[in-house]
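Accompanying notes for the structure given below.
The values are calculated or read from the model by the stated rules, or taken from the named source; none is laboratory data. In this text, all values refer to a predicted model and were calculated from it rather than measured experimentally. Every residue, glycine as well, gets a Cβ built from its backbone with ideal geometry; the counts of neighbours run over all protein chains shown. To get the accessible areas, we keep the full protein, side chains included, count just its heavy atoms, and leave off ligands, DNA and RNA. Shrake-Rupley method; radii C 1.70, N 1.55, O 1.52, S 1.80 Å.
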Amino acid sequence: MSTDLEALFQAFNATVGRPAMGDAEFGEIFRQMMAALVRFDYVVVFAYRGKERPIDLYSTFDPKEHIIFVTLYQAGPYLLDPFYHTAHERRAGVFRMRDLAPDRFFSSEYYRTYYVQTGLAEEIGFFVTADDDITVVLSLMRREKTGPFPSPDFALLKKAEPLIASMVRYYWAGLGSRFDAQLHSRGRGGRRRDAGEGSLQPAEAVWRDLNLTSRETAIVDLVLQGHSSESIGLRLNISTGTVKVHRRNVYRKLGISSQTQLLAIYLRNLS
């Protein structure tokens with residue numbers, strides 16, 4: 001599609017002289033700006049801090065879609081999402097989902113049982129690093145019937161990234177207090193604790209009572225994210241054979257025989 005300069009300038013003009021905007025208002029301006037550049041079906045914006053539950057800042061889903069894309073996602077599957085892991089690594093830029101996903105992501109149990117429910121052909125995210133270890137991810141999604149983003153669209157979005165990043169840092173500043181409030185509302189106290197202070201992060205707490213070693217925990221987390229044994233070995237600097245031995249030991253300890261059962265245990269313990 002050709003760039004709609006009139007719509008782009010109109011959306012940008014709405015920000016001129018505005019010292020502050022609410023989540024929905026700024027999210028809508030972002031949507032309008034992106035719609036003037038490329039075609040997409042959905043927008044969703046999440047803020048991430050460490051391994052905490054992400055905050056939903058803006059989305060364009062109907063109520064049924066919101067359950068799949070936001071409510072279920074925030075309940076725990078976000079911990080297996082390539083976008084979450086990229087945000088956790090504090091990487092900034094514009095990325096396609098397929099470029100971030102592990103080598104077996106699209107054949108993983110997580111993909112088959114959760115991600116396929118979204119019906120997406122592709123997802124592209126603007127990753128904006130902010131203060132207080134926060135990364136804001138603004139995702140543009142295209143459904144299967146729409147098809148993936150063409151290469152010229154992706155190149156155009158990359159050119160827009162510096163402007164979008166500056167606007168996000170200005171209008172979505174101060175999100176740290178909202179994460180603190182979220183922790184407080186869930187009964188964890190108002191102050192975020194670092195791992196060195198003895199806190200137990202969600203992904204680690206899943207396996208706390210299942211008698212898994214730290215190495216086994218690291219391996220099963222990577223398995224569920226969609227990494228092959230070869231990829232896990234490279235990440236953990238161990239042999240592929242050692243990875244397979246650990247996986248067999250985990251299955252034996254948990255009394256299971258498939259990744260489907262492993263994911264079920266993971267999601268049940270998260271809940």
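Brief remarks follow.
- Matching residues, the stretch 79-97, being touching a strand residue (DSSP E or B) at 6+ places or on another chain (Cβ under 8 Å), of a type outside the set (A, V, I, L, M) and surrounded by fewer than 20 Cβ atoms within 10 Å (Cβ to Cβ): His88, Arg90, Arg91, Gly93, Arg96
- Identity of the residue in the stretch 1-35, of a type in the set (Val, Ile, Thr) and in contact (Cβ under 8 Å) with a residue 40 or more places away in the chain, that ends up nearest to Gly125 (Cα to Cα): Thr3
- Condition check for Gly93: in contact (Cβ under 8 Å) with a residue 12 or more places away in the chain and on the phi > 0 side of the Ramachandran plot: yes
- Residue selected from the stretch 126-154 under the condition of a type in the set (Lys, Arg) and open to solvent by 30 Å² or more (accessible area, probe 1.4 Å), by the criterion nearest to Arg31 (Cα to Cα): Arg143
- Near pairs, Cβ below 9 angstrom, 6+ apart or cross-chain, from the stretch 155-174 (without any contact (Cβ under 8 Å) to a residue 60 or more places away in the chain and more than 21 Å from Arg49 (Cβ to Cβ)) to any residue that is open to solvent by 50 Å² or more (accessible area, probe 1.4 Å) and assigned to a helix (DSSP H, G or I): Leu163/Phe12
- Candidates Ala173, Ala181, filtered to the one that is outside any helix (DSSP H, G or I) and either open to solvent by 70 Å² or more (accessible area, probe 1.4 Å) or at pLDDT below 95 (or both): Ala173
- Of all residues in the stretch 88-120, those satisfying the criterion of being among the small types (Gly, Ala, Ser) and either farther than 18 Å from Arg142 by Cα or touching a Phe, Trp or Tyr at 6+ places or on another chain (Cβ under 9 Å) (or both) are Ala92, Gly93, Ala101, Ser107, Ser108.
- Considering the conditions (1) small (Gly, Ala, Ser); (2) within 25 Å of Phe154 (Cβ to Cβ); (3) modelled with pLDDT of 95 or more, Ala24 is excluded by exactly one of them, (2).
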